[in-house]
Each structure stands twice: as structure tokens, then as C-alpha cells.
1. Looking at 314, 234, 238, 283, which is the one that is at pLDDT 80 or above, in a helix (DSSP H, G or I) and surrounded by fewer than 13 Cβ atoms within 10 Å (Cβ to Cβ)?
2. Of all residues in region 257-295, how many are over 16 Å from residue 208 (Cα atoms) and touching a residue at least 40 places away in the same chain (Cβ under 8 Å)?
3. Do you know which residues across region 213-223 are part of a loop (DSSP other than H, G, I, E, B) and in contact (Cβ under 8 Å) with a residue 40 or more places away in the chain?
4. Evaluate the following for residue 210: is it buried (at least 17 other Cβ atoms within 10 Å of the Cβ), part of a helix (DSSP H, G or I) and modelled with pLDDT of 90 or more?
5. Can you name the number of the only condition in (1) at pLDDT below 90; (2) within 20 Å of residue 183 (Cα to Cα); (3) assigned to a helix (DSSP H, G or I) that residue 227 fails?
6. So which residues in region 179-207 are out of contact with any strand residue (DSSP E or B) (no Cβ under 7 Å at 6 or more places or on another chain), part of a loop (DSSP other than H, G, I, E, B) and surrounded by 10 or more Cβ atoms within 10 Å (Cβ to Cβ)?
7. What pairs come out if I take residues in region 65-81 that are not assigned by TED's automatic domain parsing to the domain that holds residue 102 and pair them with residues that are surrounded by 10 or more Cβ atoms within 10 Å (Cβ to Cβ) whose C-beta lies under 8 Å away, six or more apart or interchain?
8. So residue 244 passes all but one of these: (1) in contact with a helix residue (DSSP H, G or I) (Cβ under 8 Å, 6 or more places away or on another chain); (2) at pLDDT 90 or above; (3) in a loop (DSSP other than H, G, I, E, B). Which condition number does it fail?
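The values are calculated or read from the model by the stated rules, or taken from the named source; none is laboratory data. Just so we're clear, the structure is a prediction, and the values are computed from it rather than from any experiment. Cβ atoms come from the backbone with ideal geometry, glycine included; neighbour counts cover every protein chain shown.
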């Protein structure tokens, strides 16, 4: 090999230029910039003590590969594109002519006197040595990360694990369930006075009011939604969901959940002994004995509205007559 053992790459010499008195001063700035931007890789520096141990041995460790192995390693390494061929030759301090001659040979022992074999073998040996030094540290770090991850998973599992209910909590839940079932039974036993032969009653709450009552009742937590639907007469859960998603006083009037829920809450009002609200009385007056219609507006409500407007006009006329007289 032509280079010293301590450094397997020649020193880098930046481009230079000279000034002549007989010629005008000029230089190629692009070439200089390109050379500075593409510096060759740093040479391999080996500790002197380690070098002596490797090169003074009868069979140094870097000669564990034969020439065929080294050629395969070179092709594999350059195939990874981690380093160009030119940069690799600078690192092992071999010119392209000797490199091409070595790579063209065949056989396990063909080319062992070529500098390419020595330089490349040392290069790959050093590469493995560096990887062995880094590997234990990475293994320890990975093990620590695995332990930290396992600890985090255990902590999350403990946090999510529900606390076992106490005896009092169990009794309270049981009593609540029992009270809810008893309430549904008592509501079902109430008979409505104005129920027709089909089991229906006139509805005097608009859709928004029924939705509000459903939210309040289920929010108390006495009964489940499934139990509530059964108490309404096995109303389909999809029908109830569609009804609850609507907004507006008349939106959902054709849904079976609307009329059955009104009958349920009317029974509950009677069971609780509650009086009718002013809004409820107003609806009874405006909608008449048929209640809110399933579609559109009832003729009774229109007649009532016209009648009320006529009464208001008559009152205004009477008031005007009295004031003028």
C-alpha cells in the first residue's frame, strides 16, 4: 500500500490558482465552489496500538475474508449508496486502475496481493468493530425503552380498572332498579279517561315538549332506554332515535313514538297528581277534542284561531265606541 498505516486516505488539497504578470488574472469560481462543496470523506484513523496488533500478527483478524468475500462485500456496500465508488477508493487509498483489476478477478485467492484487497478488508473489519461497540449500548437502551413502555401500559391498565363497588353502592343500584320497575308498573296501571277504542288519546303537547320530557325522564336514571321503549308499547329504537333527532313543534308528529310517549307522560302526570300547565290548557283550547293532528293543521284549530281573532276585533271596536262616547 502506498499510504501510511495510520491514515488510509491522502490529505485533501484545495484548488489553487496563480497570478502571472504577463497574463490577465482569472480563475474558475464554479470549479472552486464545486470542490469545496464535495469534499472527500474523512480517512480512516486507527489507534496506533490497535494497528500494531492487527498488522504484526501472522494472520491478522481482517484477513478472515478471502478475495471473493471482499469483492462481494464491496459490491454489496456500494449497492447501498452509502458511499460513491470514488469516495470508497479514496478511503482505502487505492486508484481506480488497481480496483478494476481486483474486481475483475475470480476465485477465493485471486487478488490477495492487490492493495484493494488489503484496504477493503481493513475497511470492513473496522466497520464491524464499530458496529459491535455500538450494539450493546443500543440493546441496553432498547431494553430500557421496552421496560418503560411495559410500565406505562400497566399504569394505564390500573387507571382504567374499575373500582369494585361497595356494598352500599350495590344496594343503592339494586334499589334504584327496583324503584324504576315499580314506577313503570304503576304508570301502566293508570287508565286515561279519553282513550278511544284503538287505545289512543288526543295529544296536547307538541313534539318539542315530548322530546324535553323524554330527556328529563331518562336523565333521572331510574330506567334504561330499553325498558322505557317497552313501557311505551315496544316502540322501535330506530323510530325513537329519528324522533329525538328532529327539532320543531310539529316535526315528528307522524312518528309512533310521539303519541305513545304523550300517553305515557299523561299517565305519569295523573299518577303524580300534577295539574295541567297553562300551555297545556291553551293547546286543549286551540286543538279541540282531537288534539294535535298527525299531519298539517286541524280545521278545528283554524276555526278557533279565526274565532279568537274575531273576538279581539269586536273587543277593540267596543273599546273604541266606549271611548268616543
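1. Answer to the selection: 238.
2. Looking only at that region, the number is 8.
3. Scanning region 213-223 gives 221, 222, 223.
4. yes
5. Result: residue 227 fails condition (1) only.
6. Answer for region 179-207, where residues must be out of contact with any strand residue (DSSP E or B) (no Cβ under 7 Å at 6 or more places or on another chain), part of a loop (DSSP other than H, G, I, E, B) and surrounded by 10 or more Cβ atoms within 10 Å (Cβ to Cβ): 190, 192, 194, 195, 199, 200, 201, 205, 206.
7. none
8. For residue 244, the failing item is (3).
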